[in-house]
Structure formats: structure tokens, C-alpha cells
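These notes are about the structure you will find just below.
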Amino acid sequence: METVIVIFGGSGDLTTRKLIPALYNNFRKKRLPAPMRIIGFSRTPATDDAFRAKLGDAVRASVPSEFDAQAWGEFAGCLSYQAGDLENTSSYADLARKISTAGTPVNCLYYLATAPGFYPVIIGRLGAANLIAEEKGGPYKRIIVEKPFGRDLATARALNDELHRILHEDQIFRIDHYLGKETVQNVLMLRFGNAIFEPLWNRNQIDHVQITVAETVGVERRAGYYETAGVLRDMFQNHLLQLLTLVAMEPPAVVDADSLRNEKVKVLTALREIPSEYSLRYSSRGQYRGYTAEEGVDPRSVTETYAALQVYIDNWRWQGVPFYLRSGKKLSEKSSEIIIQFRRPPTQIFDVQAGVTELFTNHLSICIQPDEGMHLRFMAKVPDQGMHTRPVDMEFHYRDSFGSGAIPEAYERLLLDALQGDASLFARGDEIELAWRFIDGVRRGWESGDGPPLETYAPGTWGPEGGDSLLAHEGRWWRHDCSPHPHSPPLPAGPER
């Protein structure tokens, strides 16, 4: 049976930079279904040939080492374009005729690569044109919805209601490209594919967990969106909370979409809300110097470009273990990492310098980007220096084990999974709503008058002082083990708790 992929927003940046290169790479690797067609739908007038030429230039630029002129020629034959108005019902009638050119049923995957405000419009028009209804035993009809999925709990629920009015949950694929990253998926393999870690993965052995997603760029051309979102909505509600669930979830009974997502929902259900009166103690927010001078930004803007949270999961495994989450723009380095910090030994028996005991803890660093891999730090004896010890790393790097080109773009995996009907790496409706419930609580605290001040921080630093204070209150500090040049601050004068 033929498969048709329709990309709404076909002339947009996401289609050009991410979706078509990902589909081309899957085609080149012979992973896409056949026969297959890809239709770009957008308001901008263009011919099929102009559409193909534009995308060919984009693919050639994005993957020059992997561009194969013959493979592109075959792939380009699958591409076509339709100019249309997202709000005009006649455009969907034209689309229906283009999808079913031979009058035979086809599998359809619709990708919403448009501004979020158009999501309800597109969903409603597809339903009215009978383009998305599934019949028992017939071809599948699925839809991929890009983030942001709402801007708070109320709007997320409204969008879910609109989707569920027309589709079943198993037809809906809410995409978060972070879950398509190989290194993010490897968190599950690390935890549940290796017997050595699971006995240690609990409150008895782990002191705390750090999750960092840092960017060196500023708001760039996204000011219109970013001014209404800020880093809390842009990064925490999806990326950071998804990473949190993967670290904290219980082992699923089987590896399928429902089982995996059920366990993630349990984590979000147990995530302790930060009451407004504790907002100052357990959160920090900042704005990089120069943000208000960016094009499209209100000169009086109080939108946060940095945030850090200290959160707790109230269940048997994690009770009392703090999880520190932070993300920001214009920070010192581009880095995404998870640090699992284990507890200190109950007593330190090796004096390393004049009877002073080194304050050392084991920690596992999961490096999501840019230096994808893992580091396990432990103590070793320095040769020929008595019982002098030094921390050393046991390291794994993807590039060393699998080659520098082994890690595909996240969209390759996610698009392939959607075509195959595997929703394991996509968010379910209840996940989205629970995440928004937590984030809305944080925002209420910030807006209550009891929250932290909006601190200004210098670009190229690791953010405002308040972010460091979250950990310093309890004798801890942020680690940067996945940086190109890992470093830690000097050991504190007092004991680390």
C-alpha cells in the first residue's frame, strides 16, 4: 500500500533544515516504505520542480559528505508541492485529490510544521475533509504535532481535546526531538541493559542528580516566540522533564510505547510541586545582559533566558534526593548532560595530604552533546606515591567506538518510528498535561511576589548567582564533566552532604 507524508509548513525552515534531510537519509539507507510520496503544503506559490530544487540545495548543504546525486534524484521523484491556505476548506479538498491520485486508499502521515496557532485549524479541516479518519482494517492515518504543545495546562488540555475529538490517542505523535537523540535513548539502555547500575539507582546510593541543557546562542530570530515563552516553557516543560523521567522511571514490564510512557507518567505524578512560598528557595531565574536590545524584544521585557530548579520526586526510590535542573541561553558552553552523583563513602580512610581527607564522590556523567558518551569517575592510587590518590575517569565516547558519523539526526529516528506506528519516543497526552501542571506551579510562584528576582547575567558565563546558590545551600556545586575541557571548582572547605 502506498504511503503519503504531508508536511504542513512545507516551505518553512523546519522542513528545509530537518525534515527533508532526515527523510532523505532514511531513503538513502533504504528504510522508508515503498511506494511513497511526500507532499509539501504551504501558502507560498511554487512548482514541484522549484520545491525539489530548493530542498536539494538544502540537503546538499546539510549533509555534504552523505549527499549522493543518484539517491537524491530518486528521492526527489517522491516530492511534490501544493500551495494552499491552511484555513481554506477548498485547499483540503485539493489536497485530498492529490493524496489519492489513483483513487485507492493510502497510508497518511501528516506533519504539523507550522506555527502552533494553526494546529487546531489544521486538525479541524483534516477532520472535516475526511482525511484523517481511520477505518477498521483500512490504511493508517497519523499526525505528528510539533512543540510547543500549548503554553500552559489550560491550552494543552484544549489542544488535546481538539485532537481527541477527531483522532484516537494512538494516531497522535507529539514530538520532542530530544527523545530522538541516540544519547538520550541510551539512558534507558544504560539503566535497564546493565545489571551493575540498577542496585545503585536509588536514594540509598545517590546523593543528587543534575540535568543541564546549556546553549551559547541568544534568542536570534525567535524573539516573537521566545518573548511569550521564556526558557521555562521552551525547555523545561519538554526537554528537561523528559530527561528527568528517563533517569527516574521504574523498569517497564515490557519495552513498548504504553509501558514506557506509563512509567514516565508515574514519575511526573510523583513530582513535588514547588509552593509559591518556597519559590525563592528552590528556583532561580535570570536574563542575559543585552537580551532587551535584541531585535523584536520588548525593551522592558522580564522574560527569563535562564532558569534553575531544585525538585523532588515523592516515591519510594527517590524520596529525599534532590534533582537540579537548569537551562539557559548565552551560557559558557553548549552542553547537555546528566550527572548522577553518588554518596560519599561513610568514612574516608586514605589521607592524601598531611592528614587532610579529600572530599570525593563517585559520579556518572551522561553526555548527550556535544561530546556524546559517558564518564564514570572513581578513585585510583597514584603510582609510586604511597597511598596518594587521584580521581580518574572510565570513559566511553560514541565517536571512538562507532565512528564520527555514527549518530544520526534525531528526526531520522522519530520520523521512522511514526511511519512504523511506534510511539515509544513520543509524548502521550497525560504526560504533556502533567508536565504543564508542574511548570504552571513554578510560574505561579514567580508571579506571586515570593519568587526569585530576575537576575542579570553576563553572556559567556554559567548564569546568575542564584543558580549556583541552589546547590551551595547544601554544599554542592554544578559540574561540567561533558565540556570539551572538563573542570570542577575547588573542593569546598566543609564536608559535602
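Structural remarks
- Among residues of the stretch 72-98, those that are closer than 19 Å to Thr15 by Cα and surrounded by 15 or more Cβ atoms within 10 Å (Cβ to Cβ), counted: 12
- Failed item, numbered, when Thr228 is tested on (1) over 17 Å from the mean Cα position of the chain (by Cα); (2) under 20 Å from Thr461 (Cα atoms); (3) of a type in the set (S, T, N, Q): (2)
- Taken over the stretch 248-272, the criterion of being hydrophobic (A, V, I, L, M, F, W, C), surrounded by fewer than 22 Cβ atoms within 10 Å (Cβ to Cβ) and assigned to a helix (DSSP H, G or I) is satisfied by Ala257, Leu260, Val265, Ala270.
- The lone criterion from (1) under 28 Å from Pro139 (Cβ atoms); (2) touching a residue at least 40 places away in the same chain (Cβ under 8 Å) left unmet by Ala58 is number (1).
- If you go through the stretch 222-273 and keep only what is within 30 Å of Gly296 (Cβ to Cβ) and among the aliphatic types (A, V, I, L, M), you end up with Ala223, Ala229, Val231, Leu232, Met235, Leu240, Leu241, Leu243.
- Check on Gly405, at positive phi and at pLDDT below 85: no
- The helices (runs of 4 or more DSSP H) falling completely within the stretch 46-160 that include 2 or more residues that are out of contact with any strand residue (DSSP E or B) (no Cβ under 8 Å at 6 or more places or on another chain), over 29 Å from Tyr226 (Cα atoms) and not small (Gly, Ala, Ser) map to 48-62, 69-76, 89-99.
- Filter result for the condition that a residue is farther than 30 Å from Glu198 by Cβ and either of a type outside the set (Phe, Trp, Tyr) or in contact with a strand residue (DSSP E or B) (Cβ under 6 Å, 6 or more places away or on another chain) (or both), over Arg326, Arg289, Arg317: Arg289
- Residue-level check: of (1) of a type in the set (A, V, I, L, M); (2) modelled with pLDDT under 95; (3) closer than 17 Å to Ser327 by Cβ, Ala472 misses just (3).
Conditions (1) surrounded by 21 or more Cβ atoms within 10 Å (Cβ to Cβ); (2) under 30 Å from Lys136 (Cα atoms); (3) more than 14 Å from the chain's Cα centre (by Cα), marked per residue:
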| position | (1), (2), (3) |
| --- | --- |
| Ala154 | no, no, yes |
| Ala158 | no, yes, yes |
| Asp161 | no, yes, yes |
| Arg165 | no, yes, yes |
| Glu169 | no, yes, yes |
| Ile172 | yes, yes, yes |
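- Residues of the stretch 302-321 that are assigned to a loop (DSSP other than H, G, I, E, B) and crowded, with 23+ Cβ neighbours inside 10 Å: Glu304, Thr305.
- Among the residues listed as Arg31, Arg37, Arg60, Arg43, the single one being surrounded by fewer than 17 Cβ atoms within 10 Å (Cβ to Cβ), under 24 Å from Ala128 (Cβ atoms), under 30 Å from the mean Cα position of the chain (by Cα) and not aliphatic (A, V, I, L, M): Arg43
Results for (1) at pLDDT below 95; (2) hydroxyl-bearing (Ser, Thr, Tyr); (3) over 18 Å from the mean Cα position of the chain (by Cα), shown as yes or no for each residue.
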residue: Arg285; (1), (2), (3): no, no, yes
residue: Tyr288; (1), (2), (3): no, yes, yes
residue: Glu295; (1), (2), (3): yes, no, yes
residue: Glu304; (1), (2), (3): no, no, yes
residue: Gln310; (1), (2), (3): no, no, yes
residue: Arg317; (1), (2), (3): no, no, yes
residue: Gly320; (1), (2), (3): no, no, yes
residue: Phe323; (1), (2), (3): no, no, no
residue: Lys330; (1), (2), (3): no, no, yes
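- Of the residues making up the stretch 23-78, those that are of a type in the set (Val, Ile, Thr), closer than 22 Å to Ala418 by Cα and at pLDDT below 95 number 1.
- Only one of the listed residues (Ala229, Ala223) is part of a helix (DSSP H, G or I), more than 22 Å from Glu433 (Cα to Cα), in contact (Cβ under 8 Å) with a residue 24 or more places away in the chain and hydrophobic (A, V, I, L, M, F, W, C). That residue is Ala223.
- Elements of type strands (runs of 3 or more DSSP E) contained in the stretch 367-458, each with 3 or more residues being closer than 22 Å to Leu190 by Cβ: 373-381, 389-397
- Qualifying residue in the stretch 394-407 (condition: among the aliphatic types (A, V, I, L, M) and touching a strand residue (DSSP E or B) at 6+ places or on another chain (Cβ under 8 Å)): yes
- For the stretch 180-187, the count of residues that are surrounded by fewer than 17 Cβ atoms within 10 Å (Cβ to Cβ), among the hydroxyl-bearing types (Ser, Thr, Tyr) and on the phi < 0 side of the Ramachandran plot is zero.
The values are calculated or read from the model by the stated rules, or taken from the named source; none is laboratory data. Everything numeric here is computed off the predicted structure, so don't read it as measured data. Note that we place each Cβ from the backbone using ideal geometry, even for glycine, and neighbour counts take in every protein chain shown.
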